[in-house]
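Asker: I am attaching a structure below and will ask some questions about it afterwards.
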Amino acid sequence: MKIALYPGTFDPVTNGHIDIAVRAAGIFDELVVGVYDAPPKTIVFNTEERVALMKKALERLRNVRVEPYAGLTVDFARQTGAKVIVRGLRGVTDFEYEFQIALMNKKLAPDVEMVCLMTNVEYLFLNATRLKEVAALGADISTLVPQHVVAALGEKFEAWQKTRRKSCQNPVSPLAPI
Ligand code: ADP
């Protein structure tokens, strides 16, 4: 049984992530989507929310499970029985980053391989950070994320707008760490 791990922040899940997960689920017997607990970047959704959004996005895939994790990705891969880590590549910048991670992971866990899937050209420009920026400013994101994610982002930013209207001094950014 070939198990693969697709790790990421997924803040929130986008159609680009879903495309990679669907394709990986078609290659491996089982796919574990690992939602990283404490990313070193600004997040809008907490871990529980990110897991719930991802679960709903992938609920139709029978061989996929979504789990939160903390610590080293290779340790989580071993815990889940995954011998392969799947990542998505959008371009040269992703490549540099993924290449470094792959080499470090190989040093830490020689038994775990990394497999990169090229983005679907439709999602080449799509990353969660840009998505949140434009969503916070009211852009239509309905072709970039599933409907339940459109709604979840709408709720987050509506709450932020209310806070901003109430206190005019130094409003908290919707993209501040939670
Ligand atoms: P990001 O903020 O870049 O979406 P994540 O940690 O959530 O960061 O991404 C998890 C994995 O999904 C990474 O391997 C990333 O390169 C990949 N990924 C993110 N967006 C896309 C996309 N639009 N197409 C292909 N892969 C993607």
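The values are calculated or read from the model by the stated rules, or taken from the named source; none is laboratory data. Bear in mind that the values here come from a model prediction, so they are computed numbers and not experimental data. All Cβ positions, even for glycine, are placed from backbone atoms using ideal geometry, and neighbour counts span all protein chains on display. When the accessible area is computed, the model is the full protein with side chains, heavy atoms only, and any ligands, DNA or RNA have been set aside. Shrake-Rupley method; radii C 1.70, N 1.55, O 1.52, S 1.80 Å.
Asker: From the helices alone, meaning DSSP H stretches of at least four residues, give me the mean residue ellipticity at 222 nm for the chain, per-run term -39500 (n - 2.57), in deg cm²/dmol to the nearest 500.
Answerer: Working: 6 runs with 78 residues, N = 178.
So the helix-based figure for the chain works out to -14000 deg cm²/dmol.
Asker: Only sites in a loop by DSSP and with at most 12 other Cβ atoms within 10 Å count here; which GluC sites (Glu not before Pro) in segment 1-63 make the cut?
Answerer: E59
Asker: Continuing with the same structure: So how far apart, in nm, are the two label points at D75 and K2 if each is 7 Å from Cα heading toward Cβ?
Answerer: Between D75 and K2, the simple spin-label model gives 2.9 nm.
Asker: So if R0 is 25 Å, what FRET efficiency would L137 and N46 give, r being the distance between their Cβ atoms, rounded to the nearest 0.05? Walk me through the intermediate numbers first.
Answerer: Numbers: r = 22 Å, r/R0 = 0.90.
According to the calculation, E is roughly 0.65.
Asker: If you average the alpha carbon positions of segment 1-75 and of segment 77-107, how far apart do those two centres end up, in angstrom?
Answerer: Spelled out, the Cα-based centre of one part sits 14 Å from the other.
Asker: Starting from the Cα gyration tensor of the chain, take the square roots of the eigenvalues, sort them a ≥ b ≥ c, and report rounded, prolate or oblate (rounded when a/c is under 1.5, otherwise prolate if a/b is larger than b/c, else oblate). All intermediate terms of the calculation are to be shown ahead of the outcome.
Answerer: Details: a/c = 1.93, a/b = 1.77, b/c = 1.09.
Prolate.
Asker: Keeping all protein chains in place and using 1.4 angstrom, which order do M114, M104, M54 fall into by accessible surface area, from largest down?
Answerer: Values: M114 50, M104 110, M54 0 Å².
Largest to smallest exposure gives the sequence M104, M114, M54.
Asker: What FRET efficiency would be calculated for the residue pair M104, D37, taking the C-beta separation as r and a Förster radius of 25 Å, to the nearest 0.05?
Answerer: Values: r = 19 Å, r/R0 = 0.76.
Given R0 = 25 Å and the Cβ-Cβ separation, E is 0.85.
Asker: With r defined as the distance between the Cβ atoms of R130 and N63 and R0 fixed at 35 Å, what FRET efficiency is calculated, to the nearest 0.05?
Answerer: The value I calculate is 0.70.
Asker: Would you please name the trypsin sites (Lys or Arg not before Pro) within segment 40-75 that are DSSP coil residues with at most 16 other C-beta atoms within 10 Å of their C-beta?
Answerer: Values: sites: K41, R50, K55, K56, R60, R62, R65; in loops: K41, R60, R62.
In loop regions of segment 40-75 (DSSP not H, G, I, E or B), the sparsely surrounded trypsin sites (Lys or Arg not before Pro) are K41, R60, R62.
Asker: Would any residue of segment 95-119 have its amide N under 11 Å from a label point 7 Å out along Cα→Cβ of K83? List them or say none.
Answerer: 111-113
Asker: Here's another thing I want to ask about it. Between K55 and A159, what is 0.36 nm times their sequence separation minus the Cα-Cα distance? Round to one decimal in nm.
Answerer: Details: separation 104, 0.36 × 104 = 37.44 nm, distance 2.38 nm.
Extra length from K55 to A159 when fully extended: 35.1 nm.
Asker: Let me ask something else about it. Is segment 68-109 rounded, prolate or oblate when judged by the Cα gyration tensor, a ≥ b ≥ c being the square roots of its eigenvalues, rounded requiring a/c under 1.5 and prolate requiring a/b larger than b/c? Please report the intermediate quantities before stating the final value.
Answerer: Numbers: a/c = 2.26, a/b = 1.79, b/c = 1.26.
Prolate, since a/c reaches 1.5 and a/b exceeds b/c.
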